[in-house]
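The values are calculated or read from the model by the stated rules, or taken from the named source; none is laboratory data. Here the structure is a predicted model, which means the values were calculated and not measured. Neighbour counts are summed over all protein chains in view; Cβ atoms, including those assigned to glycine, are modelled from backbone coordinates with ideal geometry. To get the accessible areas, we keep the full protein, side chains included, count just its heavy atoms, and leave off ligands, DNA and RNA. Shrake-Rupley method; radii C 1.70, N 1.55, O 1.52, S 1.80 Å.
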Amino acid sequence: MRQPLIAGNWKMNGTRSSAESLIQGVLEGSSGIAKAEIAVCVPFVFLELAQRLLSGRSIRLGAQNVCTEASGAYTGETSAEMLNEFGCRYVICGHSERREYYGETDAIVAKKLAMVASTGMTPILCVGETLEQREQGFMEAVIAGQIDAIIEANGIESFGQVAIAYEPVWAIGTGKTATPEQAQEVHAFIRRRVAAHDAAIAEKVRILYGGSMKPSNAAELLAMPDIDGGLIGGASLVAEDFLAICQAGETAV
Ligand code: 13P
């Protein structure tokens, strides 16, 4: 049985005060949620605030990026050890926005995953195809390539400490959601890809869906057998919406 994980990806949004009220709102509304795991992946500069607010509570803290290197002359970067010190449990790696706008390749993403795992935190590996790739019939090849690159670089055992997020690029921030059947098909494909190397790890690995997940579609997505949670962008910025999705995760168990 895989515990659902509902993780908010705030991206580059918020102010100190809005971050504080959002976390307070999520804390207040989540007391009845015990079966689903909840996480908020906040911008680096809000980590200390979030760590303080979440201290002693069950909501996990996450970051959205990490440096490939452990320490040293890498101006502007943040190490896995620093994130770990600030109480992060999760680190999003290889989000399509980072792949597209910051040139992150599969090789870079693999190094980030290894860094995160080396500190005991859990990376959330994002994969997903563009609309063009889907329309040209390359969806499976793209996803397989993204997964296989990590297996080749870090070994299949590394998937023992990873969550995967399937985020079709065409569904991110567009209001267009993959249908539950479309998402399930890709999630099952990802699980089979991992299972070809290690069936036990494939059975355990959590595969989250991300891309315009919202209160109105969360329950039907989370009801699918291979959808083990959500990585939520826009809807995670409104406590009430995020909590409704968390509640859907709770009910899906
Ligand atoms: P939206 O939920 O805003 O579509 O973003 C999804 C996402 O990119 C989460 O990482």
The range 165-176: number of residues that are free of Cβ contacts under 8 Å to residues at least 60 places away in the same chain and either away from the ligand (no atom under 16 Å from the Cβ) or of a type in the set (D, E, K, R) (or both): 1
Checked the range 168-194 for anything within 16 Å of residue 206 (Cβ to Cβ) and open to solvent by 10 Å² or more (accessible area, probe 1.4 Å); matches are 184, 188, 189, 191, 192, 193
Verdict on residue 90 being within 16 Å of the ligand (Cβ to nearest atom) and either among the hydroxyl-bearing types (Ser, Thr, Tyr) or touching a helix residue (DSSP H, G or I) at 6+ places or on another chain (Cβ under 7 Å) (or both): yes
If I filter the range 202-229 down to residues being touching a residue at least 40 places away in the same chain (Cβ under 8 Å) and among the acidic types (Asp, Glu), which single residue comes out as surrounded by the most Cβ atoms within 10 Å (Cβ to Cβ)? 228
I need the helices (runs of 4 or more DSSP H) fully contained in the range 177-253, keeping only those with at least 1 residues that are within 16 Å of the ligand (Cβ to nearest atom) and aromatic (Phe, Trp, Tyr). 239-252
A careful count of residues in the range 60-97 that are among the hydroxyl-bearing types (Ser, Thr, Tyr), under 14 Å from residue 108 (Cβ atoms) and open to solvent by 70 Å² or more (accessible area, probe 1.4 Å) gives 1
Can you tell me which condition residue 153 does not meet? The list is (1) in contact with a helix residue (DSSP H, G or I) (Cβ under 6 Å, 6 or more places away or on another chain); (2) open to solvent by 40 Å² or more (accessible area, probe 1.4 Å); (3) within 16 Å of the ligand (Cβ to nearest atom); (4) of a type outside the set (Asp, Glu), and all the others hold. (3)
Looking at this structure, is residue 162 touching a residue at least 60 places away in the same chain (Cβ under 8 Å) and surrounded by 20 or more Cβ atoms within 10 Å (Cβ to Cβ)? no
Flag if residue 104 is over 30 Å from residue 223 (Cα atoms), of a type in the set (Asp, Glu) and in contact with a strand residue (DSSP E or B) (Cβ under 9 Å, 6 or more places away or on another chain): yes
Residue pairs meeting the criteria (Cβ under 6 Å; at least 6 apart or on separate chains; first within 17 Å of residue 63 (Cα to Cα), in the range 97-120; second within 16 Å of the ligand (Cβ to nearest atom) and open to solvent by 30 Å² or more (accessible area, probe 1.4 Å)): 104/98
Out of the residues in the range 2-20 meeting the condition of being open to solvent by 70 Å² or more (accessible area, probe 1.4 Å) and without any contact (Cβ under 8 Å) to a residue 24 or more places away in the chain, tell me which one is farthest from the ligand (Cβ to nearest atom). 17
Residues of the range 98-113 being touching a Cys at 6+ places or on another chain (Cβ under 9 Å), part of a loop (DSSP other than H, G, I, E, B) and open to solvent by 50 Å² or more (accessible area, probe 1.4 Å), in sequence order, are none
Any idea how many residues of the range 93-141 are more than 16 Å from the ligand (Cβ to nearest atom) and of a type in the set (Ser, Thr, Tyr)? 3
